[in-house]
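K.L.:
Below is a structure I'd like to ask you about.
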Amino acid sequence: MATLRGGDLSRLRQLNSLTAIGALRGAGPLTLSALAERTGLSRPSMKEVVDELMQLGWVEETPPAQGTIGRPARRYRFRASSGYLVGLDIGGHNIRAALANLNGEILAEARRPVQPDTPVEERLATIEATVAGCLALGGKTIADVWVVAAGTIGVVTPEGRIHYCAAIPAWTGLDLAGRLREMFPCDVVVENDSRLAARAEAARGTARDARDVVFLHVGRRMGAAVIIDGQVHRGFGAAAGEIAMLPQAQWFDAPEHLQNCPIIPLDTSPADAAGYTLAAARTGDPVALAAVGRYVDDLAVGTSAMVLMLDPQVVVLGGGFSRSADVLLPPLRERLERTCIRLPDLRASTLGDECVVTGAIDYAVAHLDHQLFTPDAPLPAPR
């Protein structure tokens with residue numbers, strides 16, 4: 001048998017540590033025996049790994065369950081409270097923030113309204129205030145945060161710059177990642193909001209069993225994203241899924257059919273207008289049903305194009321309007337049946353308005369995993 005050199009032993013310990021962390025993150029508290037069985041290591045080797053991870057601060061022993069008789073076996077878990085993550089949803093009408101631990105478990109959320117014409121500096125100040133409010137609710141400070149992941153409306157470059165934003169013209173050209181790094185003393189990553197929403201549905205929502213997905217991000221504005229072979233597809237220039245840019249799809253103005261329906265009372269706020277139309281359509285109001293029909297006509301054009309191009313297993317109706325999937329999905333299915341060779345499974349989002357901020361948290365977890373929990377990365381002690 002070849003003799004393991006010092007570097008080889010160090011590498012082996014690193015791989016064993018990562019295997020143990022992965023098992024604990026995926027399964028929760030485990031005994032040494034269970035952890036050894038899951039990782040394929042001997043129990044003595046597993047004890048050495050766990051002891052080292054406890055010294056580094058990545059693993060902690062859990063207290064025995066209440067009512068346990070006798071001396072229970074020690075159980076260990078990943079110390080998810082070593083640090084915290086913030087997810088952001090930067091939309092045209094709302095800024096949402098969520099605070100999560102290193103496992104991506106959401107602990108607190110906050111939201112503040114904005115408008116599409118809100119000046120850039122005011123919008124950035126609202127982002128900072130929303131994060132501060134979320135941290136306060138969770139009893140944390142920005143010093144506890146390791147990663148801020150932001151999902152934003154618009155076409156986002158890989159570097160986190162807004163290449164183009166039709167819904168918020170002043171957002172176009174902004175180095176959003178750079179501005180957020182000025183606010184927050186931690187890692188910052190930025191991605192398109194629809195892609196983060198699709199990521200969340202694939203990881204936590206209605207598309208968990210699907211490998212090929214078209215995600216429709218429907219609300220007071222329209223967007224889309226695609227998942228191909230289990231991976232969110234960004235495209236060569238990070239502009240995949242921007243079907244709303246195609247004038248023939250008429251997606252940019254499609255929500256106006258619901259927002260400006262004649263049956264909406266004059267004192268209804270813009271935030272509630274589409275919901276009023278959809279609720280009226282649910283009760284069979286003919287004017288509301290006609291408005292829904294016009295909206296779905298526009299929605300079906302871009303959706304049909306993506307379905308014919310990608311032949312997805314699932315189409316997910318997500319975003320704010322997904323709360324009315326019972327009203328929107330039947331007519332959408334009818335229109336897709338007319339044009340698509342094979343009709344995919346149409347599903348309603350299970351995350352609704354929370355899809356982007358949830359996807360942002362998952363994006364932050366993935367970024368942290370890449371930074372810390374890969375074979376090529378040294379495993380430091382938590383900050």
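K.L.:
May I ask you to list the residues in region 120-132 that are open to solvent by 70 Å² or more (accessible area, probe 1.4 Å) and either touching a helix residue (DSSP H, G or I) at 6+ places or on another chain (Cβ under 9 Å) or among the hydrophobic types (A, V, I, L, M, F, W, C) (or both)?
P.N.:
Glu128, the sole residue that qualifies.
K.L.:
For His257, work out the one condition from (1) surrounded by 20 or more Cβ atoms within 10 Å (Cβ to Cβ); (2) in contact with a Phe, Trp or Tyr (Cβ under 7 Å, 6 or more places away or on another chain); (3) farther than 16 Å from Pro331 by Cβ it doesn't fulfil.
P.N.:
(3)
K.L.:
If we keep just the residues of region 217-247 that are within 18 Å of Leu310 (Cβ to Cβ) and part of a helix (DSSP H, G or I), which is most open to solvent (accessible area, probe 1.4 Å)?
P.N.:
Met245
K.L.:
Test Gly104 against the criterion of being touching a residue at least 12 places away in the same chain (Cβ under 8 Å), crowded, with 20+ Cβ neighbours inside 10 Å and on the phi > 0 side of the Ramachandran plot, and give yes or no.
P.N.:
Taking the combined requirement at face value, the residue satisfies it.
K.L.:
Let me ask something else about it. Grab the strands (runs of 3 or more DSSP E) fully contained in region 50-120, keeping just those with 1 or more residues being aliphatic (A, V, I, L, M).
P.N.:
Working: elements: 59-62, 75-78, 84-90, 94-101, 106-113.
Output list reads 59-62, 84-90, 94-101, 106-113.
K.L.:
Still on this model: Go through (1) within 26 Å of the chain's Cα centre (by Cα); (2) at pLDDT 95 or above and name the single condition Ala288 misses.
P.N.:
(1)
K.L.:
Where residues in region 59-81 are modelled with pLDDT of 90 or more and in contact with a Pro (Cβ under 7 Å, 6 or more places away or on another chain), which of them is nearest to Leu102 (Cα to Cα)?
P.N.:
Arg77
K.L.:
Another question, then. Looking at Arg347, Arg342, Arg333, which one is open to solvent by 10 Å² or more (accessible area, probe 1.4 Å), in contact with a Ser or Thr (Cβ under 9 Å, 6 or more places away or on another chain) and either within 21 Å of Ala210 (Cα to Cα) or basic (Lys, Arg) (or both)?
P.N.:
Arg347
K.L.:
Is it the case that some residue within region 172-183 is modelled with pLDDT of 95 or more and within 16 Å of Arg347 (Cα to Cα)?
P.N.:
Checked region 172-183: no residue is modelled with pLDDT of 95 or more and within 16 Å of Arg347 (Cα to Cα).
K.L.:
If you scan region 133-147, which residues turn out to be assigned to a helix (DSSP H, G or I) and either in contact (Cβ under 8 Å) with a residue 40 or more places away in the chain or open to solvent by less than 60 Å² (accessible area, probe 1.4 Å) (or both)?
P.N.:
Of everything in region 133-147, those that are assigned to a helix (DSSP H, G or I) and either in contact (Cβ under 8 Å) with a residue 40 or more places away in the chain or open to solvent by less than 60 Å² (accessible area, probe 1.4 Å) (or both) turn out to be Gly133, Cys134, Leu135, Gly138, Ile142, Ala143, Asp144.
Residue-by-condition table, conditions (1) under 26 Å from Ser269 (Cβ atoms); (2) surrounded by fewer than 17 Cβ atoms within 10 Å (Cβ to Cβ):
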| residue | (1), (2) |
| --- | --- |
| Gln55 | no, yes |
| Ala73 | no, yes |
| Arg79 | no, no |
| Gly83 | no, no |
| Val86 | no, no |
| Gly91 | yes, no |
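K.L.:
Of all residues in region 196-216, how many are open to solvent by 10 Å² or more (accessible area, probe 1.4 Å), touching a helix residue (DSSP H, G or I) at 6+ places or on another chain (Cβ under 7 Å) and under 13 Å from Ala325 (Cβ atoms)?
P.N.:
0
K.L.:
Further question on the same structure: Restricting to region 150-167, and then to whatever is touching a Leu at 6+ places or on another chain (Cβ under 7 Å) and in a strand (DSSP E or B), can you tell me which residue is surrounded by the fewest Cβ atoms within 10 Å (Cβ to Cβ)?
P.N.:
So the first thing to find is which residues in region 150-167 are touching a Leu at 6+ places or on another chain (Cβ under 7 Å), and the list is 150-152, 160-162.
Next, only the ones that are in a strand (DSSP E or B) stay: 150-152, 161-162.
Numbers: Ala150: 30, Gly151: 30, Thr152: 27, Arg161: 17, Ile162: 23.
Out of the qualifying residues, it is Arg161.
K.L.:
Tally time: how many residues in region 169-216 are in contact with a Lys or Arg (Cβ under 6 Å, 6 or more places away or on another chain) and either in a helix (DSSP H, G or I) or more than 25 Å from Leu343 (Cα to Cα) (or both)?
P.N.:
Of region 169-216, the ones in contact with a Lys or Arg (Cβ under 6 Å, 6 or more places away or on another chain) are 175, 188, 206.
Subsequent filtering for residues that are either in a helix (DSSP H, G or I) or more than 25 Å from Leu343 (Cα to Cα) (or both) retains 175, 188.
Total satisfying the criteria: 2.
K.L.:
So which residues in region 252-285 are modelled with pLDDT under 95, of a type in the set (A, V, I, L, M, F, W, C) and touching a helix residue (DSSP H, G or I) at 6+ places or on another chain (Cβ under 8 Å), if there are any at all?
P.N.:
Correct list: Phe252 only.
K.L.:
When residues of region 285-314 are filtered for being assigned to a loop (DSSP other than H, G, I, E, B) and either more than 18 Å from Ala325 (Cβ to Cβ) or open to solvent by 40 Å² or more (accessible area, probe 1.4 Å) (or both), how many remain?
P.N.:
3
K.L.:
So Ser45 passes all but one of these: (1) surrounded by fewer than 20 Cβ atoms within 10 Å (Cβ to Cβ); (2) in contact (Cβ under 8 Å) with a residue 60 or more places away in the chain. Which condition number does it fail?
P.N.:
(2)
The values are calculated or read from the model by the stated rules, or taken from the named source; none is laboratory data. Predicted model only: the values in this text are computed from it and were never measured. Note that we place each Cβ from the backbone using ideal geometry, even for glycine, and neighbour counts take in every protein chain shown. Keep in mind that these areas ignore ligands, DNA and RNA; they rest on the heavy atoms of the full protein, side chains included. Shrake-Rupley method; radii C 1.70, N 1.55, O 1.52, S 1.80 Å.
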